[in-house]
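A.B. asks: Supplied in structure tokens, the structure appears directly below.
The values are calculated or read from the model by the stated rules, or taken from the named source; none is laboratory data. Here the structure is a predicted model, which is why all the values come from computation and not from measurement. Cβ placement follows ideal geometry from the backbone for every residue including glycine, while neighbour counts extend to all protein chains displayed.
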Amino acid sequence: GDIMVIIRQFFLFFRDGFKNIWNTLFMSLSSVITLTLTLSLCALFVLFAQNTSDFTQQVEGEIKIFAEFSKDATPEEITNAISIIEADQNVADITHITKEKEYTDFIQDIGEDDPELAAFFENTSDENPLVDTLIVAADDVKNVNKVAEVVKAVPAIEYVDYGEESSLAAFANITNIIRQSFSWI
């Protein structure tokens, strides 16, 4: 008896619900459409904000400091320079490219376009004119200037290139504004 009452109540509940939806079809459809559009817009904003954040982080990660050693830098000076730079807390990564590797890559690149010129360079060059280089990555775009100053202070390093201080600061500010804007939205 009790089960039949519960089943009848359940059936009446659904019947009345569908009857009300049918009677107010326009309002029901507009509610569903409004909810769908709102959720879709929210999802689009979240996706766009996430992609923008990922993109800015990727671009920030590409900002590197390029340093060249002087021509007369000894292997000991190069090793000491690398350990001095590695000791800095704001340094995330260092890539050391030897002048031999650079020269080999240079000849290979030329060889793809002009094999004869590559052979000429390989056979006639008595001394490698290139120098050892470092590619240094900072842990944060805000610290690139600090790391560049540390690299510049190393005696064996002759040339440092990392972009202008003002442009790096502007880039950091713009990426922060973009992230915060999308977070608020």
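A.B. asks: What number of residues within segment 41-69 are aromatic (Phe, Trp, Tyr) and either surrounded by 15 or more Cβ atoms within 10 Å (Cβ to Cβ) or modelled with pLDDT of 85 or more (or both)?
C.D. replies: Of the residues in that region, 2 qualify.
A.B. asks: Going by the structure shown, is Asp72 surrounded by fewer than 13 Cβ atoms within 10 Å (Cβ to Cβ), outside any helix (DSSP H, G or I) and without any contact (Cβ under 8 Å) to a residue 40 or more places away in the chain?
C.D. replies: yes
A.B. asks: Please work out if Val141 is surrounded by 15 or more Cβ atoms within 10 Å (Cβ to Cβ), in contact with a helix residue (DSSP H, G or I) (Cβ under 6 Å, 6 or more places away or on another chain) and modelled with pLDDT of 85 or more.
C.D. replies: no
A.B. asks: Among the residues of segment 84-93, are any modelled with pLDDT under 85, out of contact with any Ser or Thr (no Cβ under 8 Å at 6 or more places or on another chain), surrounded by 12 or more Cβ atoms within 10 Å (Cβ to Cβ) and more than 16 Å from Val147 (Cα to Cα)?
C.D. replies: No, segment 84-93 contains no residue that is modelled with pLDDT under 85, out of contact with any Ser or Thr (no Cβ under 8 Å at 6 or more places or on another chain), surrounded by 12 or more Cβ atoms within 10 Å (Cβ to Cβ) and more than 16 Å from Val147 (Cα to Cα).
A.B. asks: For the structure I just gave you, tell me whether Gln9 is assigned to a helix (DSSP H, G or I) and exposed (fewer than 12 other Cβ atoms within 10 Å of the Cβ).
C.D. replies: So Gln9 fits the description; yes.
A.B. asks: Taking segment 77-105 only, how many residues are closer than 15 Å to Asn143 by Cα and part of a helix (DSSP H, G or I)?
C.D. replies: Of the residues in that region, 2 qualify.
A.B. asks: Next question. I'd like to check something: does segment 46-62 contain any residue that is over 24 Å from Ala137 (Cβ atoms), under 44 Å from the mean Cα position of the chain (by Cα) and touching a residue at least 12 places away in the same chain (Cβ under 8 Å)?
C.D. replies: yes
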